[in-house]
Amino acid sequence: MMSEKIIGIMSAMQEEILGLEMLMDDLEEVTLGMRTYFSGRISGIRTILVFSRWGKVAAATTVTTLILKFGITDLIFTGVAGGISPDLRIGDIVLGTRFIQHDMDARPIIAQYELPLHGLTYLEAPAYKIEEGISAIRSLLETRQLHEAISQDELHHFGIEHPRLFMGDIASGDKFFSTEYDKQSLSRNLPAILCVEMEGAAVAQVCYEHLIPYTILRTISDTADENSVSDFPAFIKNVSSKYSLEIIKNFYRLML
């Protein structure tokens, strides 16, 4: 007998979770560890929503609770990131294929960036979850669904014309990148990195250890330099939260 699919949806932004609540039927709330978990169904599929809070520890404890308390079988993690690659523009979407903790450094015991006791530097997302993510996001962009969900004024304000999908490496660490110096340092040390955030690699590690398939995607909110905090709250409220809502809706359409 096959077990029931239970999808956990996490976001590092409260605004994104509040928007997703509207999709749920049979909504119940459970408070654990200073977090509110919203349990219900989206399109008939059992789903748990939660705001992870910021940082690797917060994200790791949240996804562990989703796995051990709520029994999730799949995880989707959405949020924003600072662009490291010069190819990225604000409003682009990065679907993570590999994840690395840029602040993991246990030298000289083990190599820089290597995860202790795992012998791994990068954690790779499951290939079939990457394909699912590509299908959900690409169709959204091709139909210009995001342009219908977000006002033209907001798109113009943030210079978003034709958002694109990128697949590749995401770096995570307990540091908000807000200087060109830090950005260039990371790029020199890890030249394949597309964007940087504060949770994804920790979430990937917990999922890896518990054999939970996962999808981690990020909307580029800034350029990870001195302009990083410019209009950040407005971007979360008016752009990235709507991105997440439309992307999640597309994931569920493809599952039916």
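The values are calculated or read from the model by the stated rules, or taken from the named source; none is laboratory data. All values derive from a computational prediction rather than experimental measurement. Note that we place each Cβ from the backbone using ideal geometry, even for glycine, and neighbour counts take in every protein chain shown. Quick note on the areas: whole protein, heavy atoms, side chains included, nothing else; ligands and nucleic acids left out. Shrake-Rupley method; radii C 1.70, N 1.55, O 1.52, S 1.80 Å.
Remarks
- Counting only lysines at least 8 places from Lys5 when in the same chain, those with an alpha carbon closer than 20 Å to its own are Lys69, Lys129, Lys249.
- Other residues lying with their Cβ under 15 Å from the Cβ of Leu155 contribute a combined charge of -2, Lys and Arg counting +1, Asp and Glu -1.
- Dipole orientation for segment 26-112: of the candidates Pro108, Leu88, Ile45, Pro108 has the Cα lying most toward the positive pole (charges on Cβ; Lys, Arg +1; Asp, Glu -1).
- Computed FRET value (nearest 0.05) for Asp103 with Leu18, which takes r as the C-beta separation and R₀ as 35 Å: 0.70
- Summarising the strand pairing of segment 1-90, around 50 percent of its internal DSSP beta bridges are antiparallel.
- Figure note: Asp222, Asp231 ranked by solvent-accessible area, largest first, 1.4 Å probe, ligands and nucleic acids not counted: Asp231, Asp222.
- Within straight-line reach of Lys183, meaning a Cα separation under 21 Å, sit the following lysines at least 8 residues removed in sequence or on another chain: Lys56, Lys175.
- Magnitude of the charge dipole, segment 1-83, Cβ model with Lys/Arg +1 and Asp/Glu -1, debye to 20: 340 debye
- Cα gyration tensor category, rounded, prolate or oblate, for segment 163-256 with a/c compared to 1.5: oblate
- Magnitude of the charge dipole for the chain, about its Cα centre and with charges confined to Cβ atoms of Lys, Arg (+1) and Asp, Glu (-1), is about 460 debye.
- For Lys242, the aspartates and glutamates whose Cα falls under 12 Å of its own Cα, not counting residues fewer than eight places away in the same chain, are Glu15, Glu16, Glu148, Glu154.
- Cβ-placed point charges (K, R +1; D, E -1), dipole of segment 112-256 about Cα centre in debye, nearest 20: 380 debye
- Estimated vicinal HN-Hα couplings, Hz - segment 26-31 in sequence order (Karplus 6.51, -1.76, 1.60; Gly, Pro = x): 6, 6, 10, 10, 10, 9
- Heavy atoms of Leu211 accessible to a 1.4 Å probe, total area in Å² rounded to 10: 150 Å²
- Mean-position separation - Cα centroids, segment 154-189 and segment 97-141, in angstrom: 17 Å
- For the chain, the 222 nm mean residue ellipticity estimated from helices alone, with every DSSP H stretch of n ≥ 4 adding -39500 (n - 2.57) and the total spread over all residues, rounds to -10000 deg cm²/dmol.
- GNM result for the chain, Cα springs below 10 Å: residue of Glu131, Glu209, Glu154 fluctuating most strongly: Glu209
- Additional length obtainable on full extension of the chain from Leu117 to Met34, 0.36 nm per residue less Cα span: 26.9 nm
- Probe 1.4 Å - accessible area at Glu142, Å² to nearest ten: 140 Å²
- 20 Å reach of a label modelled at Asp87, 7 Å along Cα-to-Cβ, counting backbone N of segment 179-202: 183-197
- Among 25-33, 172-180, the order from most to least packed when residues are scored by Cβ within 10 Å on average: 172-180, 25-33
- With all protein chains modelled, accessible area of Arg35 [1.4 Å, Å²]: 30 Å²
- Going through (i) 22.0; (ii) 18.4; (iii) 18.9, the figure that equals Kirkwood radius over Cα pairs in Å as computed for the structure here is (ii).
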